[in-house]
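**Q** Below is a structure I'd like to ask you about.
Where a number appears in this text, it was derived from the coordinates with a stated rule and is not lab data. For clarity, every value in this text was computed on a predicted model and none was experimentally measured. Don't worry about glycine lacking a Cβ; one is built from the backbone with ideal geometry, like all the others, and counts go over all protein chains shown.
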Amino acid sequence: MALLQLKSVGQTYFSKTSATTALEDITLSVNEGEFVSILGPSGCGKSTLLSIIAGLLIPTSGTVMVNNQQVNHPHPKIGYMLQQDYLFPWKTIHDNITLGLKLRNQLSHQHVQTAFQLLKEIGLEHTIGKYPSELSGGMRQRVALVRTLATQPKMLLLDEPFSALDYQTKLKLEDLVSSTLKEHGKTAILVTHDIGEAIAMSDHVILLSSNPGRIFRTFKIPESIRNLLPFEARQHPDFSSTFQKIWEELEHIEQNDHE
Amino acid sequence: MNKMITNKKHLEFLLAIKKEKRNIRIVQLLIFLSFFLLWEISSQYGWINPLLFSSPSKISQLFLEKISDGSLYIHVVITLGETILGFILGTLFGTLLAALLWWSPFLSKVLDPYLVVLNAMPKVALGPILIVAIGPNFGSIIAMGILISIIITTLVVYTAFQNVDDNYIKVVRSFGGSKKQCFKEVILPACFPSIISSLKVNVGLSWVGVIVGEFLVSKQGLGYMIIYGFQVFNFTLVLMSLLIIAVMATIMYQGVEYLESKLIKHHM
């Protein structure tokens, strides 16, 4: 059954001088447990789409359904992870990871313990009393993952969560996020402009064209690399052929753009 | 071997820092002492008018006199109390007003020109009106202290509220947080440094407000001592009050700085 369904979603921004259509006629569905990446050139409305799914932005047209319920405010079953960690510098790691629980009025002992457990799984239990400024970029993004997972969402929205990290940390974190999400059976939507990352992490890749953002093509990632960790997937022979295919399509979009 | 050299260099470096710090202190002390010495000498020899500029010895004599007869204490306490109350309330109300503006963008657009005008206007000019409206008492002095700092606090804190990174709000909203929670969890704590720094500005401003207030109405306080000294042409009294104010204001400022270092350790 589809956990998430988008029906002809469109978004237009209005300013004094113009009306800009950022997204047009986006229809897609994501099944439970799937990992879907949304790939596209910058400015194609990827982040806008994520904000709409998160319920932070009401689309100008179309509907978003989670579990067959229309989304028009942030849904408790959806977690959102931003480009940078955005940990609150004035809160300890403890207070940061329990922020979602506090805001959702779920600060029960059991929920807090689950959050601690997650922090432990991710290998950062020793940071619990520290402040974000005492942690490295990669550690902070891991804490941000725990914060997002602490409210036990079914689906995670990842808005280029690795883009602010150095390459090595990024590769390591891809593995960690991928395995953590799989282990907990989470559904995920990743927004990225990194083709390799999209292939290595997901089951499906949706290619958006820009101006306005439309679904250009959908790729199925070969079974052979789906179940591998992102780092291993990158070494697999099928990886480069898939990369090639998506690369060509992206070139296509850019050519269309120039015409 | 290499490590030994590094250690030695490090020690030399630390020593150089220490030496510079000591030199700065020495020069500061020298300026302080020579100022008062020069003041004393020029007053003694009549290079400056001793009636007008008094002298450190006369001031300290008066100071001791006032302490021993207990009359100084009450003046200092009253002015200090008024100032502390004035600047805490000024900062508090200013922050509340800023919160209101943040809450309602409509209100903030409506009030924008009024705030600009009020900020530019010299608030002390409202003194006479305050006295008539509130009465020639403690209340109008406090009001003066608040009035002088509230608008600038509002403007500074509101600007800080607006400059908070929207992504923090996005985090709170993605967890279903309300506007109230956004304010409590993000806006207010993120702007703590700005609020504290407006507190620093307000320390100075409140002294101005309270002293002017006391000029106008009071029968007690350091402002009253200044105006009284002026009326009876006792400039020793005026200068002594001035020096006490300088010391008090410095202590308060240092206090706020201490508070700052304690409260906003982790904001960066």
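**Q** Can you pick out the pairs among A:Lys91/B:Lys180; A:Lys120/A:Lys186; A:Lys120/B:Lys184 whose Cα atoms lie more than 23 Å from each other? Intermediate results must be reported in sequence, preceding the final value.
**A** Working: A:Lys91/B:Lys180 18 Å; A:Lys120/A:Lys186 18 Å; A:Lys120/B:Lys184 29 Å.
A:Lys120/B:Lys184, as the Cα separations exceed 23 Å there.
**Q** Going down the list A:Lys130/B:Lys200; A:Lys102/B:Lys265; A:Lys77/A:Lys102, which pairs span over 19 Å between their C-alpha atoms?
**A** Result: A:Lys130/B:Lys200; A:Lys102/B:Lys265 exceed 19 Å.
**Q** Cut-off 10 angstrom, C-alpha nodes, Gaussian network model of chain B. Which of B:Lys179, B:Lys123, B:Lys19 fluctuates the most?
**A** Between B:Lys179, B:Lys123, B:Lys19, it is B:Lys19 that shows the largest mean-square fluctuation.
**Q** Given a Förster radius of 30 Å and the C-beta distance between A:Asn105 and A:Ala164 as r, what FRET efficiency does 1/(1 + (r/R0)^6) yield to the nearest 0.05?
**A** Values: r = 31 Å, r/R0 = 1.03.
Rounded to the nearest 0.05, the efficiency is 0.45.
**Q** Taking B:Lys58 as the anchor, which aspartates and glutamates have their alpha carbon closer than 13 Å to its alpha carbon, excluding any fewer than eight residues away along the same chain?
**A** By straight Cα distance, B:Lys58 reaches B:Glu40.
**Q** So what's the angle, to the nearest 10 degrees on a 0 to 90 scale, between helix A:109-121 and the longest Cα principal axis of chain A?
**A** 70 degrees
**Q** With θ set to phi - 60° and the Karplus curve 6.51 cos²θ - 1.76 cosθ + 1.60, what are the ³J(HN,Hα) couplings of region B:8-13 in order, to the nearest whole Hz, using x for Gly and Pro?
**A** Per residue, the Karplus-derived 3J(HN,Hα) values read 5, 4, 5, 4, 4, 4 Hz.
**Q** For a test of the definition: using alpha carbon positions, the gyration tensor, and the 1.5 limit on a/c, classify region B:78-233 as rounded, prolate or oblate.
**A** Verdict is prolate for region B:78-233.
**Q** Which ³J(HN,Hα) values in Hz, rounded to whole numbers, follow from the phi angles of region A:68-74 under the Karplus curve 6.51 cos²θ - 1.76 cosθ + 1.60, where θ = phi - 60° and Gly and Pro get x?
**A** 6, 10, 6, 9, 9, 8, x
**Q** Would you mind checking which residues have amide H under 5 Å from A:Asn31's amide H? H placed 1.01 Å from N; only 5 or more apart, or other chain.
**A** Amide H neighbours of A:Asn31: A:Leu3.
**Q** Over chain A, what relative contact order in percent results from Cα pairs under 8 Å that are six or more residues apart?
**A** The value is 25 percent.
**Q** Oh, and also: At 7 Å along Cα-to-Cβ for each site, give me the label-to-label distance between A:Asp25 and B:Leu64 in nm.
**A** 9.6 nm
**Q** With runs of 4+ DSSP H residues as the only contributors, calculate the mean residue ellipticity of the protein assembly as shown at 222 nm using -39,500 (n - 2.57) per run, divided by the residue total and rounded to the nearest 500. Please report the intermediate quantities before stating the final value.
**A** Details: 22 runs with 322 residues, N = 527.
One gets -20000 deg cm²/dmol as the mean residue ellipticity at 222 nm.
**Q** Another question about this same structure. Using a basic spin-label model with each label point 7 Å from the Cα along Cα→Cβ, how many nm lie between B:Leu33 and A:Glu32?
**A** 8.4 nm
**Q** Where does region B:2-48 land on Rg/Rh, using Cα atoms and the Kirkwood Rh?
**A** 1.49
**Q** Want the number for B:Trp47 to B:Leu92: 0.36 nm per residue separation, take away the alpha-carbon distance, what's left?
**A** Contour length minus Cα-Cα distance gives 11.4 nm.
**Q** Could I ask something else about it? If I model a spin label at A:Ser61 and B:Leu126 as a point 7 Å from the Cα along the Cα→Cβ vector, what separation in nanometres do I get?
**A** 5.3 nm
**Q** A further question on this structure: State, as an integer percentage, the relative contact order of chain B based on alpha-carbon contacts under 8 Å between residues 6 or more apart.
**A** 25 percent
**Q** With Kirkwood's inverse mean 1/r over C-alpha pairs for Rh, give me the Rg to Rh ratio of region B:104-154, two decimals please. If you can, show how the numbers build up before the last one.
**A** Numbers: Rg = 12.8 Å, Rh = 12.0 Å.
Rg/Rh for region B:104-154 comes to 1.07.
**Q** Taking H as built 1.01 Å from N, whose amide H comes closer than 5 Å to the amide H of A:Leu190, not counting residues under 5 places away?
**A** A:Val36, A:Ser37, A:Ile38, A:Leu158
**Q** Still on this structure: Tell me which of A:Ile93, A:His126, A:Gln110 sits at the most positive position along the dipole axis of region A:76-185, charges placed on C-beta atoms (Lys, Arg +1; Asp, Glu -1).
**A** Farthest along the dipole direction, towards plus: A:Gln110.
**Q** Could you give me the radius of gyration and the Dmax of the protein assembly as shown, taking only the C-alpha atoms into account and expressing both in angstrom?
**A** Just the Cα atoms of the protein assembly as shown yield Rg and Dmax of 32.5, 101 Å.
**Q** Could you tally up the Lys pairs in region B:2-48 with alpha carbons closer than 19 Å? Skip any pair fewer than 8 positions apart unless they're on separate chains. Mind showing how you got there, number by number?
**A** Details: B:Lys8/B:Lys18; B:Lys8/B:Lys19; B:Lys9/B:Lys18; B:Lys9/B:Lys19; B:Lys9/B:Lys21.
Taking region B:2-48 as the scope, the lysine pair count is 5.
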